[in-house]
1. Does B:VAL236 qualify as being within 30 Å of B:THR270 (Cβ to Cβ), in contact with a Leu (Cβ under 8 Å, 6 or more places away or on another chain) and modelled with pLDDT under 85?
2. Would a scan of the stretch B:247-270 turn up a residue that is under 28 Å from B:ILE306 (Cα atoms), at the interface with chain A (Cβ under 10 Å from one of its Cβ atoms) and without any contact (Cβ under 8 Å) to a residue 60 or more places away in the chain?
3. Scan the stretch B:83-93 and give yes if some residue there is at pLDDT 85 or above, in a helix (DSSP H, G or I) and either surrounded by fewer than 24 Cβ atoms within 10 Å (Cβ to Cβ) or in contact with a strand residue (DSSP E or B) (Cβ under 9 Å, 6 or more places away or on another chain) (or both), otherwise no.
4. From the set of residues in the stretch A:50-74 that are part of a helix (DSSP H, G or I) and in contact with a strand residue (DSSP E or B) (Cβ under 9 Å, 6 or more places away or on another chain), which is surrounded by the fewest Cβ atoms within 10 Å (Cβ to Cβ)?
5. Does B:TRP177 satisfy the condition of being under 26 Å from B:ALA308 (Cβ atoms), assigned to a helix (DSSP H, G or I) and touching a Cys at 6+ places or on another chain (Cβ under 9 Å)?
6. Looking at (1) more than 17 Å from the chain's Cα centre (by Cα); (2) closer than 18 Å to A:LEU110 by Cα, find the lone condition where B:VAL281 falls short.
7. For residues in the stretch B:157-167 being at pLDDT 85 or above and small (Gly, Ala, Ser), which is nearest to B:ARG232 (Cα to Cα)?
8. State the number of residues belonging to the stretch A:84-100 that are touching a strand residue (DSSP E or B) at 6+ places or on another chain (Cβ under 6 Å), more than 18 Å from B:HIS273 (Cβ to Cβ) and facing chain B (nearest Cβ under 9 Å).
Amino acid sequence: MRLEAKNLKIGYKNPEKIVLDNINLEFNGADLIAVIGVNGIGKSTLLKSFGGIIPTLGGDFFIDNKSIRKYNQKELAKKISIVLTKQPQPQNLSISDFVALGRQPYTNWLGINSDNDKKKVNEAIKQVELFDLRNDRLVNLSDGQLQKALIARAIAQDTDIILLDEPTSHLDLYYKALIFKLLKKISSNAKKAVLFATHEMNLSLQICDQIILIKDNQIIKQTPEKLIESGILTNLFPNDSILFDNKTGQFNINP
Amino acid sequence: MLLFTCLFFLNVSLGSVSIPLTDIFSAIFTGESSQSTWTYIILEYRLPKAFTAIMVGSGLGVSGLLMQTFFRNPLAGPYVLGLSSGAGLGVALLIMGSSLLGLSLGNSVFYSKSSVVIASSIGSILVMGSILITSVRIKDTMALLIIGLMFASLTGAIVSVLSYFSASDELQRYIFWSLGSLGDLSWTEVSILGSLWTFGMLICIFLIKPLDALLLGESYAKSLGVNINQLRYLIVIVTCILTGCITAFAGPIAFVGLAIPHLSRLIFKTNRHLIMVPSVVISGSVVMLLCDSIAQLPTSDLILPINAVTSFLGAPVVIWLILKTRRLNF
C-alpha cells in the first residue's frame, strides 16, 4: 500500500480557512507513524483530510496511486479506518456489537454479519485483549478499555491504513505505553500503516518508525533518529519551560 | 407477539356495546355474527380503530427512534421537528381562522373530516419543506433540532392568538382534534394511512444499517462508507411521512414517539437498529392498543381522549423506569 500527498492544501470551507498548504508526503508499507506538533497546528485536520472526513481544498492525495477524489465513500471505507479523539457517547452496545460496526463496508444491506465477519470481529477483540469483556456494554468500560474497543473497531474494518487522532489522551502513563505498544504490534504484525496524531513526543520518539513533524506550517517526515540529529526538536517549544535533551532523545522540564 | 395478539382482540372486544367474544371472532373471520349490528360495529368501527392504533403506535415509535439516533439526543421525538405543530397550525387555521378571515363558505364543508386531514397534511408538509430546505443549508443536527423547536413555538404562538380571538364552539372543535382520536376512520382512510405507513416503514428497513453507523457520530459513519447527506434526507422524509399522516388522521398523539424507543431500549438493552426497529414497532403497537382499550373505559359508555391516556399512563411508567435503572442507556 502506498500513500502520497502532492501539493495538498487542507482546511475548512465556509468560511474558508487554510490550515496547511503545499503538503508533499509519501509513505510506503506498514509503518507506525506519529504526527506531532504544537496545539492547533493542524494535526487533526491532516488526519481527517487523509481519511476523507473533510474534503481537501487543493492538490491531491493518492491511495495506491488513485486520487482520493476518485474513491467513493464505500471503497474508501475499505482502505482507511479512523479513530477520532471526540469519543462517541458511551452507548448501550456490547463491545462485540460495537466492534462489529467496523464490518459495515463488507456486510449486506441489512448489516448482518457473516461467519467471516464474526471471525474478524473476534480476532480484532482478541488483538486488543478485550475478549473476556466482549459482552460488556460500552457504558461500563474504563477510558483505557474504551480506547482499546475503539481501536478494535478500526482493526475489524480491515483496512490497510488506520488513522488515530490522539489515541492516548485522558489515559494514565501505563495505558499510554500500552496503547503505543498495541499500535506498534498492529503495524508490524498486521502490516498496516498506522498514522496517529499525538502530544506524547517522548513515547513517539522511542517507538515510532517515522515521525511527521508539523512546525511553522512546514511538514517534515523523518525517522526519530534523524529528527533528533537534525536538532529541529530543540526549538520546537519556547525554552523557558521545556528543554530537549539530544543525548537521551527526550524532552525534560527546564528547572 | 403473543401479548400483541391478545391486546388486539382485547381492544376489539371492548367498547360501549358489549359483544360476546365468540361473536367477535366469527365477525372478524367469517364476516357474520349473531346480530348484524354487532358485525357492523366490529367490522366498520372497532377493526379500523385497532389497525389505526397499531399504525399510530408503531409509526410514532419508529419516528421517535429515528429522531433520537439522528439527533443523538434522548429528548428527540417526532415533535421536535415541529411536524405535529405544523399540522396543528393547519387545522387551527381551518377551524378557527376561516371565520376570522370572514370566510363562512358553508361551515359543513369546512369542518368535514377530510378537510381536517387535508389541512393538517398541508401544515406538516409546509413545515417539512422548510426543514428540508434548512437541512440543506445547515449541516449541524443540533441547530436543526433547535430550529424544529422554534417552529413548534412559532406555530404554537399563532394557534394561541387564533384561539384567543375565536368563538367558543370553534375553540372546542380544535381542542377535540388536538386531544387525538383513533376512531372515526373509514376503511378508505385506514388504507390511505396504511399505504403511507407501509411506505415509510419500507424505507426505514433500508436505513437500519446506516443508522447503526450513525450511532457513532457522523464522522465515523462517513468513515464506514455511509452517505451522510442521503441518510439525513431519508430520515427526515420517513419521519415526516409517518408523523404527518398519523397526525393528519389521528391528531397529535403525545408522548408515544418519545417514550416507546426508551421503553424498547430498557427492555432489549441494545442500540442495534436491527433489534430496535422491530421491537419499537411491536411495543408501540402494544402500548397504543393498551391505551386505547383503557380509553374505552371498559363497561362504560364514556371514551377518554386518547392523548390524555397516553400521557397519563406513559409518563409515570417512564419516570419509574428511569428511577429504577438510574439512567437511560441511550
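1. yes
2. As a first pass, look at the stretch B:247-270 and keep what is under 28 Å from B:ILE306 (Cα atoms): B:247-268.
Restricting the remaining residues to those that are at the interface with chain A (Cβ under 10 Å from one of its Cβ atoms) gives B:265-266, B:268.
Still in the list and also without any contact (Cβ under 8 Å) to a residue 60 or more places away in the chain: B:268.
Looking for residues that are under 28 Å from B:ILE306 (Cα atoms), at the interface with chain A (Cβ under 10 Å from one of its Cβ atoms) and without any contact (Cβ under 8 Å) to a residue 60 or more places away in the chain, one finds at least one in the stretch B:247-270, hence yes.
3. yes
4. Of the residues in the stretch A:50-74, the ones part of a helix (DSSP H, G or I) are A:50, A:68-70, A:73-74.
Of the ones still in play, those that are also in contact with a strand residue (DSSP E or B) (Cβ under 9 Å, 6 or more places away or on another chain) are A:50, A:68-69.
Numbers: A:PHE50: 25, A:ILE68: 21, A:ARG69: 11.
Among them, the one singled out is A:ARG69.
5. Numbers: under 26 Å from B:ALA308 (Cβ atoms): yes; assigned to a helix (DSSP H, G or I): yes; touching a Cys at 6+ places or on another chain (Cβ under 9 Å): no.
So B:TRP177 fails the test.
6. (1)
7. Ranking the candidates gives B:ALA157 first.
8. The number of residues fulfilling the criteria is 1.
The values are calculated or read from the model by the stated rules, or taken from the named source; none is laboratory data. Everything numeric in this text was worked out from a predicted model, so none of it was measured. Backbone-built Cβ (ideal geometry, glycine too); neighbour counts: all protein chains shown.
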